[in-house]
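Undergrad: Okay, here's the structure, questions in a sec.
The values are calculated or read from the model by the stated rules, or taken from the named source; none is laboratory data. Predicted model, so just to flag it, every value in this text is computed and none were measured. Cβ placement follows ideal geometry from the backbone for every residue including glycine, while neighbour counts extend to all protein chains displayed.
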Amino acid sequence: MEMPYQPLPIDQSDVRYLHGPDSTLQPGVPAGETIEFEWRDSEVYPGTLRKFWVHVPARYDPAEPASLMVFQDGWWYLDPAGEVRGAIVLDNLVHRGDIPATIGVFVDPGVLPSAENPKNRNNEYDAFDDQYVTFLLTEIIPQVAERVVIAQSPEQWGICGGSSGGNCALTAAWLRPDKFRRVIGYLSSFAQMPDGNPYPHLISCAPPKPLRIFMQGGHRDLHWNEPQWNWLAENLRVAAALAEAGYDFRLVLGDGGHSPNHGGVLLPDALRWLWRPNEE
């Protein structure tokens, strides 16, 4: 494969990547259906309220169980005017046959209306435990399965997130590889996990898990040149551990700071790479 020449910007911080055609509405590609839900009855996170959206591509056929892709920070990843544009990307890729028919589930973090700090995002996303993946498996995905037919093979289940949602995605798959085996993590916030980043040690010591992992990192991510709380360094440590342990992973580095722009632009390629045949 030959890549076209691209001049490198001088300023690594002030960089913006342009979206490709797979991230924009295309003539002749039918739009899928997006259904909005509100969830107030969580047993895993009592008292939280949240919305989530289920996107069903037009080519979904109930006779053929569909793959599943869960996105953290739901609306940020669904917003057609945002950086990621998840539903548009799914429609384009499924229509062309680049990926199998895939149901997109976009889940907002919970809020606690009566709390002094109502945002429950970091509590849900940064913890290294099975609470969040249990929440998905017992509360959110069953509601999706009432409306669409989802494949049961973990090889057909993926999970995606950025920043704290990125380490959340890896944690969900790491602790439940019997359910999720394909992971996308953009600018993951391993640096702010409450007890430190566990993954370099875990990956090097634990028996390999059947995961396929796509990572995106930024040269000017938070605290990129500091000895502590360094988002870039922690992502590089995780990537190095995956490489040394022989995992099926890919790391894409870009310029710019802690922004969803580059990861959003990469989503079509990340999904194609995640769903490529196992023999490649």
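Undergrad: Being surrounded by fewer than 21 Cβ atoms within 10 Å (Cβ to Cβ) and of a type in the set (S, T, N, Q) is the filter here; which residues of segment 178-196 pass it?
TA: If the condition is that a residue be surrounded by fewer than 21 Cβ atoms within 10 Å (Cβ to Cβ) and of a type in the set (S, T, N, Q), then 192 is the only one that fits.
Undergrad: How many of the residues in segment 257-271 are assigned to a helix (DSSP H, G or I) and in contact with a strand residue (DSSP E or B) (Cβ under 7 Å, 6 or more places away or on another chain)? Talk me through it step by step, then tell me what you get.
TA: Step one: filter segment 257-271 for residues assigned to a helix (DSSP H, G or I), giving 261-271.
In the following step, the residues that additionally are in contact with a strand residue (DSSP E or B) (Cβ under 7 Å, 6 or more places away or on another chain) were identified as 262-263, 266, 270.
So the answer is 4.
Undergrad: Kindly list, by first and then second residue, each pair from a residue in segment 169-185 that is farther than 20 Å from residue 267 by Cα to a residue that is modelled with pLDDT of 95 or more and of a type in the set (Lys, Arg), limited to pairs with Cβ atoms under 6 Å and residues at least 6 apart or on different chains.
TA: That search, which allows pairs on different chains as well, returns 177/209.
Undergrad: Which numbered condition in (1) touching a strand residue (DSSP E or B) at 6+ places or on another chain (Cβ under 9 Å); (2) modelled with pLDDT of 95 or more; (3) over 13 Å from residue 73 (Cβ atoms) is the only one that residue 137 fails?
TA: Status for residue 137: all satisfied but (1).
Undergrad: Also: Can you find a residue in segment 230-248 that is within 18 Å of residue 18 (Cβ to Cβ) and modelled with pLDDT of 95 or more?
TA: No, because not a single residue in segment 230-248 is within 18 Å of residue 18 (Cβ to Cβ) and modelled with pLDDT of 95 or more.
Undergrad: Same structure again: Can you work out which of the residues in segment 107-131 that are modelled with pLDDT of 95 or more and out of contact with any strand residue (DSSP E or B) (no Cβ under 9 Å at 6 or more places or on another chain) is surrounded by the fewest Cβ atoms within 10 Å (Cβ to Cβ)?
TA: The residue in question is 129.
Undergrad: So which pairs qualify, if the first residue must be in segment 132-156 and in a loop (DSSP other than H, G, I, E, B), the second must be β-branched (Val, Ile, Thr) and surrounded by fewer than 18 Cβ atoms within 10 Å (Cβ to Cβ), the Cβ gap must be under 8 Å, and the two must be at least 6 apart or on different chains?
TA: What qualifies is 147/35.
Undergrad: Check whether at least one residue in segment 150-160 is surrounded by fewer than 24 Cβ atoms within 10 Å (Cβ to Cβ), over 21 Å from residue 204 (Cβ atoms) and touching a helix residue (DSSP H, G or I) at 6+ places or on another chain (Cβ under 8 Å), and report yes or no.
TA: yes
Quick grid of which residues meet (1) closer than 23 Å to residue 261 by Cβ; (2) crowded, with 22+ Cβ neighbours inside 10 Å; (3) among the polar types (S, T, N, Q):
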{"position": "8", "(1), (2), (3)": "yes, no, no"}
{"position": "13", "(1), (2), (3)": "yes, no, yes"}
{"position": "18", "(1), (2), (3)": "yes, no, no"}
{"position": "53", "(1), (2), (3)": "yes, no, no"}
{"position": "58", "(1), (2), (3)": "no, no, no"}
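Undergrad: Which residue out of 97, 166 is over 20 Å from residue 244 (Cβ atoms) and surrounded by 15 or more Cβ atoms within 10 Å (Cβ to Cβ)?
TA: Numbers: 97 fails: surrounded by 15 or more Cβ atoms within 10 Å (Cβ to Cβ).
None of the others qualify; the one that does is 166.
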